[in-house]
1. Hey, does the range 223-232 have a residue that's within 15 Å of the ligand (Cβ to nearest atom), at pLDDT 95 or above and not assigned by TED's automatic domain parsing to the domain that holds PRO402?
2. In the list LEU332, LEU311, LEU279, LEU242, which residue meets the criterion of being more than 17 Å from ALA110 (Cα to Cα) and free of Cβ contacts under 8 Å to residues at least 60 places away in the same chain?
3. Look at the range 208-230 and say how many of its residues are surrounded by fewer than 24 Cβ atoms within 10 Å (Cβ to Cβ) and more than 22 Å from PHE251 (Cβ to Cβ).
4. Looking only at the range 237-261, filter to residues that are part of a strand (DSSP E or B) and within 13 Å of the ligand (Cβ to nearest atom); which one of those is nearest to VAL209 (Cα to Cα)?
5. Being under 22 Å from GLU406 (Cβ atoms), under 22 Å from the mean Cα position of the chain (by Cα) and without any contact (Cβ under 8 Å) to a residue 60 or more places away in the chain, is that true of even one residue in the range 200-211?
6. Is there a residue in the range 350-364 that is within 13 Å of MET432 (Cα to Cα) and either in contact with a Pro (Cβ under 7 Å, 6 or more places away or on another chain) or crowded, with 22+ Cβ neighbours inside 10 Å (or both)?
7. Taking the condition of being assigned to a helix (DSSP H, G or I), over 27 Å from ILE322 (Cα atoms) and either aromatic (Phe, Trp, Tyr) or touching a residue at least 12 places away in the same chain (Cβ under 8 Å) (or both), how many residues in the range 335-367 meet it?
8. Output yes when any residue across the range 188-202 is buried (at least 18 other Cβ atoms within 10 Å of the Cβ), modelled with pLDDT of 95 or more, touching a helix residue (DSSP H, G or I) at 6+ places or on another chain (Cβ under 6 Å) and more than 24 Å from GLU141 (Cβ to Cβ), and no when none is.
Amino acid sequence: MVAATGFSTAKSSKIMAEARTIMPGGVSSPVRAFKSVGGEPVVFDRAKGSKAYDVDGNEYVDYVGSWGPAIVGHADDRVLAAIKETMDKGTSFGAPCALENELAKMVIDAVPSVEMVRFTNSGTEACMGVLRLMRAYTKREKIIKFDGCYHGHADAFLVAAGSGVATLGLPDSPGVTVGASQSTLVATYNDLETVKALFQANKGEIAGVILEGVVGNSGFIVPDKAFLTGLRQLCDDNGALLVFDEVMTGFRISYGGAQQHWGITPDLSTFGKVIGGGLPVGAYAGKREIMEMVAPAGPMYQAGTLSGNPLAMRAGIETLKILRQPGSYEYLDKQTKKLIDGILAAGKAAGHAVTGGHISGMFGFFFCEGPVKCFADAAKSDTDKFARWHRGMLERGVYLAPSQYEAGFVSLAHSDADIEKTIKAAKEVFAMI
Ligand code: PMP
């Protein structure tokens, strides 16, 4: 089909062949196995700035950015130097370190709804913690999530989840018990009526509503402002908590996350990705009165051997310091707009049905007529065409998320030349698929 000359991934193939015999699917996380787009995944050797390099020496402009954390560019010299300095003092203490205060204060300063923070090691753990906290604080069990929103792989969230669950076409997962998932109610994104109906049918039983303030796990989907203000009101009217899962959007959509972008004040939030600057981190955070339920301040138990470890804290701190410099978000917005406008124009010029958009350094598009407002709309996208597009771009040195149901990310290191190269490749590939 769209083979470009000189593209070889022989070494990647060899490594993946062995990997598949010793790790399920050859990977440590499903989507990176390229199952839904077909073809071999490429195995990375190193990454710097906007580029990633595979073991065969191919160079890619990378729009995955480790699924979001690489927002200042891969292996930024300032972040690396800070990590090295911290590493010399030890990698983990299992005891308090002052860097936790520093990063917690940065999150509190950035996000007005946040008064206290608990650090974890991943976004999944952050969402598990916030779920328990929602239930502990309200003394209610049921929660509402949205079709196609992903909140990590905890049992209670693997109901109508997006991301890899959608990519692999899994309705849910074996091993998730009825008991663990029956308190998870699912509504339709951007459809307030479906939320109202659930509150009505479960009066006094709903602990809260959790959502992605801009969806990145069904592809890129933007909420209507009225949907978000309606959710805030419904939660208030029903004594339920509103939770923004900002694992992807935090410090990405704006320095204050999706909630700042939309001007909505949730009760609790989760973070991950960017606040770890490429090292494993998550956090849940929010109002002091609620957060003080968490042990040892309060009775709700949650813990972590490596939580708050100095390396991850320092990587996060340095990343946020770079991000808060004037002009960072304007640059992300400018470059990402150029990119997605160029891709959409090229797609339309070649006669394809495409729809998409961006906010700040997060973007996505679908192979269907828009608008895409919820997971059912996203599912209309031509995923076979997406697979051909993905392979064509890969062969031309552009690394995109290997699934229609994921967003893309631009970093401060993405130059005009990177964007131009990508749009040139897009024109070639759109013409051939
Ligand atoms: N919530 C959201 C919105 C996410 O995008 C993700 C990961 N993509 C998670 C939670 C889970 O985070 P992690 O992969 O770090 O466990």
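The values are calculated or read from the model by the stated rules, or taken from the named source; none is laboratory data. Just so it is clear, the structure is predicted and the values come from calculations on it, not from any experiment. Don't worry about glycine lacking a Cβ; one is built from the backbone with ideal geometry, like all the others, and counts go over all protein chains shown.
1. Checking the range 223-232: at least one residue is within 15 Å of the ligand (Cβ to nearest atom), at pLDDT 95 or above and not assigned by TED's automatic domain parsing to the domain that holds PRO402.
2. LEU242
3. Residues in the range 208-230 being surrounded by fewer than 24 Cβ atoms within 10 Å (Cβ to Cβ) and more than 22 Å from PHE251 (Cβ to Cβ): 5 in total.
4. VAL243
5. Scanning the range 200-211 turns up no residue that is under 22 Å from GLU406 (Cβ atoms), under 22 Å from the mean Cα position of the chain (by Cα) and without any contact (Cβ under 8 Å) to a residue 60 or more places away in the chain.
6. no
7. Summing the residues that are assigned to a helix (DSSP H, G or I), over 27 Å from ILE322 (Cα atoms) and either aromatic (Phe, Trp, Tyr) or touching a residue at least 12 places away in the same chain (Cβ under 8 Å) (or both) in the range 335-367 gives 6.
8. yes
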